[in-house]
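For reference, the structure is listed below as structure tokens.
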Amino acid sequence: MDEGKYPVNWKEKSAQVKKEAGGRCERCGHKPEGTSRDNLVTHHLIPNKALDERWNLEALCNKCNLKAEHKNKELRQRLTRWFNICREDWLMKQLKDYADILREEGRKEKCTY
Ligand SMILES: [Zn+2]
């Protein structure tokens, strides 16, 4: 995840996502201890920091996050670039649909704890 800058309220937003997830990974259900190796992170399905609404965010453990970051990496980065060029409604709808697919697929391919 390296596209763009984090919005000013990112810390609060990220904390809110983790809170809603009950401190658990939304894919595998693991509850991390909160150490650097075993931590809950807020993942962007479409890797663009400006897309910080709930539909694009997922609370994930380190292992699931690593998988998620590598999954369909090129396509996800391409969508991010499209978003940077064109922020029209039709594209937003496509991005949301694709985020739903990624979320669903991710749950099937969760890590094993
Ligand atoms: Zn997980």
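No lab work stands behind these numbers, since they all come straight from the coordinates. Note that this is a predicted model, so its numbers are computed, not measured. Note: ideal-geometry Cβ built from the backbone for every residue, glycine included; neighbour counts use all protein chains shown.
A few comments on the model shown:
- For segment 60-74, 3J(HN,Hα) computed residue by residue from phi via the Karplus equation (6.51, -1.76, 1.60; θ = phi - 60°) reads 10, 6, 3, 5, 5, 5, 4, 4, 5, 5, 8, 5, 6, 4, 5 Hz, glycine and proline entered as x.
- Label positions at W10 and R78, each projected 7 Å from the Cα along the C-beta direction, are separated by 2.6 nm.
- 3J(HN,Hα) along segment 13-21, derived from phi through the Karplus expression 6.51 cos²θ - 1.76 cosθ + 1.60 where θ = phi - 60°, amounts to 4, 4, 5, 5, 4, 5, 5, 4, 7 Hz, with x in place of Gly and Pro.
- Exposure proxy ranking, count of Cβ atoms within 10 Å, fewest first, for K49, K73: K73, K49
- Aspartates and glutamates with Cα under 14 Å of K93, excluding same-chain neighbours fewer than 8 positions away: E53
- Residues whose amide H comes within less than 5 Å of that of A59, counting only those at least five positions distant or on another chain, are E26, H43 (H built at 1.01 Å from N in the peptide plane).
- Applying the Karplus relation 6.51 cos²θ - 1.76 cosθ + 1.60 with θ = phi - 60° to segment 83-90 yields 3J(HN,Hα) values of 4, 5, 8, 9, 10, 7, 4, 4 Hz, where x marks Gly and Pro.
- Highest-first arrangement of 12-22, 87-97, 61-71, where packing means the average Cβ count within 10 Å: 61-71, 12-22, 87-97
- Full-stretch length increase - D97, E109 - with 0.36 nm per residue and alpha-carbon distance subtracted: 2.5 nm
- By the helix-only formula, in which each DSSP H run with n ≥ 4 contributes -39500 (n - 2.57) and the sum is divided by residues, the chain has a 222 nm mean residue ellipticity of -15000 deg cm²/dmol.
- Distribution of pairwise C-alpha distances over the chain, 5 Å bins, in %: 2, 13, 23, 25, 20, 12, 4, 1, 0
- In this structure the amide hydrogen of L40, modeled in the peptide plane, comes within under 5 Å of the amide hydrogens of G34, none closer than 5 places in sequence on its chain.
- When only Cα pairs below 8 angstrom with a gap of at least 6 residues are kept, segment 10-106 shows a relative contact order of 26 percent.
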